[in-house]
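Structure, as structure tokens:
The values are calculated or read from the model by the stated rules, or taken from the named source; none is laboratory data. Since this is a predicted model, take the numbers as computed values, not measurements. Heads up, the Cβs are rebuilt from the backbone with ideal geometry, glycines too, and the neighbour counts pull from every protein chain shown. For accessibility, only protein heavy atoms count, side chains too; no ligands or nucleic acids. Shrake-Rupley method; radii C 1.70, N 1.55, O 1.52, S 1.80 Å.
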Amino acid sequence: QVQLVESGGGLVQAGGSLRLSCAASGLTFVTYTMGWFRQAPGKEREFVGAISRSFGMAYYADSVKGRFTISRDNAENTVYLQMDSLKPEDTAVYYCAAQQGYRFSLERNYDYWGQGTQVTVSS
């Protein structure tokens, strides 16, 4: 049974930082591209970024480029989302997801999802 468990969310002031973790189990982690998505209240879920399965290349949405960093530890079956210079508009539930393809930004391509972790950025 595949499980993705996010942690690290919380309340932070604008300009601050948070580091989210997503621990994966029940799958061969190194064969999966790992993505991060977020959903703000009243909005659709959107792509934040992803890190590839093969070479660990990271890709980001324009809205977070230069502020967020994705990394993975294949020995620990964990993917991270380091979020710096946070803005109130980053407030959302953040989800990690796993897929074995290469179309990173497409939500429908992801096979497995975590339950999400809340990030709230106060102004």
Among the residues that make up the stretch 32-39, is at least one of them outside any strand (DSSP E or B) and either open to solvent by less than 70 Å² (accessible area, probe 1.4 Å) or within 30 Å of Q13 (Cα to Cα) (or both)? yes
Within the stretch 69-117, how many residues turn out to be touching a Pro at 6+ places or on another chain (Cβ under 9 Å) and either among the basic types (K, R) or outside any strand (DSSP E or B) (or both)? 1
If I filter the stretch 105-114 for residues that are of a type outside the set (A, V, I, L, M), closer than 23 Å to A14 by Cα and within 13 Å of the chain's Cα centre (by Cα), do I get at least one hit? no
Please identify the pairs in which a residue from the stretch 50-62 that is farther than 11 Å from N74 by Cα has its Cβ atom under 6 Å from the Cβ atom of a residue that is in a loop (DSSP other than H, G, I, E, B), counting only partners at least 6 apart or on another chain. A50/F104; Y59/F104
All-but-one check, Y60 against (1) open to solvent by 40 Å² or more (accessible area, probe 1.4 Å); (2) touching a helix residue (DSSP H, G or I) at 6+ places or on another chain (Cβ under 9 Å); (3) of a type in the set (F, W, Y), failing number (2)
Filtering the stretch 73-89 for residues that are touching a Lys or Arg at 6+ places or on another chain (Cβ under 9 Å) and either buried (at least 16 other Cβ atoms within 10 Å of the Cβ) or under 20 Å from R108 (Cα atoms) (or both) leaves a count of 6
Taking the criterion of being crowded, with 20+ Cβ neighbours inside 10 Å, under 18 Å from V121 (Cβ atoms) and not acidic (D, E), would at least one residue in the stretch 19-26 satisfy it? yes
Only residues that are open to solvent by less than 70 Å² (accessible area, probe 1.4 Å) and modelled with pLDDT of 95 or more: list them for the stretch 46-57, please. F47, V48, G49, A50, I51
Checked A98, A92 against criteria (at pLDDT 95 or above, buried (at least 20 other Cβ atoms within 10 Å of the Cβ), under 17 Å from V2 (Cβ atoms) and out of contact with any His (no Cβ under 9 Å at 6 or more places or on another chain)); the one match is A98
